[in-house]
1. Step by step: first the residues of the stretch 60-113, then only those that are outside any helix (DSSP H, G or I), under 26 Å from G285 (Cα atoms) and touching a helix residue (DSSP H, G or I) at 6+ places or on another chain (Cβ under 6 Å), then the one that is modelled with the highest pLDDT. Which residue is that?
2. Only one of (1) farther than 20 Å from Y241 by Cα; (2) β-branched (V, I, T); (3) surrounded by 13 or more Cβ atoms within 10 Å (Cβ to Cβ) is not met by T97, so which one is it?
3. Could you tell me which residue of the stretch 352-410 is nearest to N319 (Cα to Cα), considering only residues that are aliphatic (A, V, I, L, M) and touching a Pro at 6+ places or on another chain (Cβ under 8 Å)?
4. For the stretch 117-187, which fully contained helices (runs of 4 or more DSSP H) count at least 1 residues that are at pLDDT 90 or above?
5. Out of the residues in the stretch 334-361 that are buried (at least 18 other Cβ atoms within 10 Å of the Cβ) and either outside the structural domain of K308 (by TED's automatic domain parsing) or among the polar types (S, T, N, Q) (or both), which is modelled with the highest pLDDT?
6. Sort out which residues of the stretch 398-427 are in contact with a helix residue (DSSP H, G or I) (Cβ under 7 Å, 6 or more places away or on another chain), part of a loop (DSSP other than H, G, I, E, B) and of a type in the set (D, E), and write them in order of number.
7. Considering only the stretch 188-212, how many residues are within 20 Å of D231 (Cβ to Cβ) and in a helix (DSSP H, G or I)?
8. Within the stretch 155-177, can you find the residues that are of a type in the set (K, R) and either exposed (fewer than 10 other Cβ atoms within 10 Å of the Cβ) or closer than 12 Å to L417 by Cβ (or both)?
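The values are calculated or read from the model by the stated rules, or taken from the named source; none is laboratory data. Because the structure is predicted, anything quoted here is derived from the model rather than measured. Here the Cβ is made from the backbone with ideal geometry for all residues, glycine too, and neighbour counts use every protein chain on show.
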Amino acid sequence: MTQSMTRNMKFINKKFLLTLFLVSTSFSFAQKKEKIDGVIAVIGDYIVLDSDIDLEYIQLKAQGVDTKNITRCELFGKQLEDKLYAHQAIQDSIVVTDAEVNSYMTEQIDAMIEQVGSLEKVIKFYKKKTEDDFRSYFFDIIKLNKLISQMQKKIVDEVTITPEEVRNFFKGIPVDEIPTFGAEMEVAQIVVKPVITEDEKKRAIEKLKEIRQEVLNGSSFFSKAVLFSEDPGSSSNGGFYKMNRKTAFVKEFKDVAFSLAEGEISEPFETEFGYHIIMVEKIKGQEVELRHILISPKVSSQAVKDAKAKIEAIRQKINNKEITFADAAKASSDEKETRNNGGVLLNPRTMEPRFELTKMDPALYAQVSELKDGEVTLPILDQERGGGQFYKIVTVNNRFEEHQADFSKDYIKIKELALRDKQIKEIAKWTKDKIKETYIKINDEYKDCEFANNWIKK
C-alpha cells in the first residue's frame with residue numbers, strides 16, 4: 001500500500017466498509033465450507049451460526065485480503081450488523097421479489113457453470129443432493145444479501161452535503177493527515193462509427209414486429225427473448241428486468257417502459273443499443289417488472305473499412321496541424337456525449353475530467369499511458385456497450401502529478417470524502433438506535449468480545 005493510500009484510508013471507517021460497501025453477492029467456489037454447528041446469536045428474526053464466521057474468513061481470503069489480524073469477534077460483529085439490516089428491512093416493508101432473486105440467481109449459476117463446466121459439478125461442490133436443494137439454498141443467500149443491500153441504501157439515500165460542510169470537513173483534517181491524491185490525466189477521444197444501412201435497420205424492426213405479433217397470438221415472450229434477444233444481460237432469463245425511474249437505463253428505454261400498461265407490448269423502438277420491444281408484466285407503485293427483446297442492426301465489413309479510413313484522415317489533419325484535436329472532435333466525432341466538449345472524457349465515478357491512474361480502466365490506461373504530450377494514438381477498434389464496433393483516436397490533454405489535497409483543485413474528491421464521513425455517522429446513529437429496540441441474544445462464548453457497537457446492551 002502506498003503512503004497516499006494509507007493516508008486516505010484514515011478517513012474511511014473500517015466498520016463502515018464491512019457493512020455498507022462490502023456486502024457481497026458474489027459466491028466464489030473457493031468460498032464454500034460446510035459445517036454443522038449451533039446458534040451463537042439471535043437478532044430479531046435472524047440467527048448467526050458459528051460457521052458463518054468461518055465462511056467470512058473464506059470469503060475474505062478468496063478476495064485476497066490478509067486475514068491474520070482480523071479476529072473472530074470482528075467478523076462476528078459484521079454478521080450481527082448484516083442480520084440487523086436484514087431484520088430491519090423486513091420491518092420497513094422492503095420487498096425483494098422472488099422474480100428479482102431468481103433473475104440474479106440464474107445469472108450467477110450460469111457464471112458458475114461456465115467456470116466449472118456443468119450444473120452437476122456446481123451442485124456437487126456445494127454438497128447438495130439435488131438441484132432443488134441447491135437452488136433453495138442459493139435463493140436464501142441471495143435474498144438475504146439483497147435485503148441487506150437495500151436497507152443500507154435506504155439509510156444513506158437521503159444523506160446530502162453542502163459546500164459549507166465540505167469546507168468544514170477539510171478544515172478539520174489535521175495537517176499531517178491531509179490526504180494525497182495519486183497521479184491523474186485528462187483524456188480526450190474522437191469516435192467514428194460505421195454507418196448502418198437503412199435496409200439493415202428495417203430488417204431488425206421487421207423481425208421485432210414479427211416476434212411481437214407471434215406473442216400477441218399466444219407465443220411465449222420468455223421463449224422468444226431466450227431465442228432472439230441480443231442482450232447478454234437478460235436473454236437467458238427471458239429478457240427480465242425490474243426497474244424504477246432512478247434505475248440506470250437509457251432514457252428512451254425508460255420512457256417506453258413507463259408508458260405501457262400491464263400486459264401491453266410496445267412497438268419496436270430505438271436506443272443506442274439497437275431496437276427493442278418491451279412487455280410489461282407488473283406495475284408495483286413506482287416499480288415496473290418487464291421483459292424485453294433487443295435486436296441490433298448488423299454492420300457491413302465495408303462500413304467498418306469506411307469508418308477506419310475516415311478516422312485515419314482526421315488523425316492526419318490533426319498531426320499536420322490543420323485542425324486541433326478539440327475542433328476535430330466537435331466537427332467529426334460520432335460520440336455525442338463528448339464531441340461538444342472537445343472529446344474530453346468524464347470519469348464515470350467522479351464525473352470530472354480527471355482519471356486517477358491507479359483506478360483507471362486498464363484498457364484505457366494501456367492506450368494512453370505511453371503517449372507523449374500532443375501525441376495521438378493510431379486508430380483503435382473498440383466496442384460499444386451494445387456490442388457495436390467503432391473506431392477511435394485518443395490523446396492526453398493534461399497530466400497531474402501525485403499531490404497533497406488542495407481544496408479548490410480537488411473539491412470533487414474532498415466532497416466525496418466528506419459525504420462518506422457523513423454517511424458513516426448516519427450509519428452509526430441508525431445502528432445505535434436499532435440495537436436498542438431489537439431483540440438480541442449473544443452466546444456466552446462471544447460476550448467478552450470488544451464490539452464496535454453495543455450488541456451486549458451493557
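1. For the stretch 60-113, the residue satisfying everything is I94.
2. Against the list (1) farther than 20 Å from Y241 by Cα; (2) β-branched (V, I, T); (3) surrounded by 13 or more Cβ atoms within 10 Å (Cβ to Cβ), T97 comes up short only on (1).
3. This residue is I393.
4. The qualifying helices (runs of 4 or more DSSP H) are 131-157, 163-171.
5. Per the criteria, the residue is T338.
6. Hit for the stretch 398-427 is E402, nothing else.
7. Residues in the stretch 188-212 being within 20 Å of D231 (Cβ to Cβ) and in a helix (DSSP H, G or I): 12 in total.
8. K171
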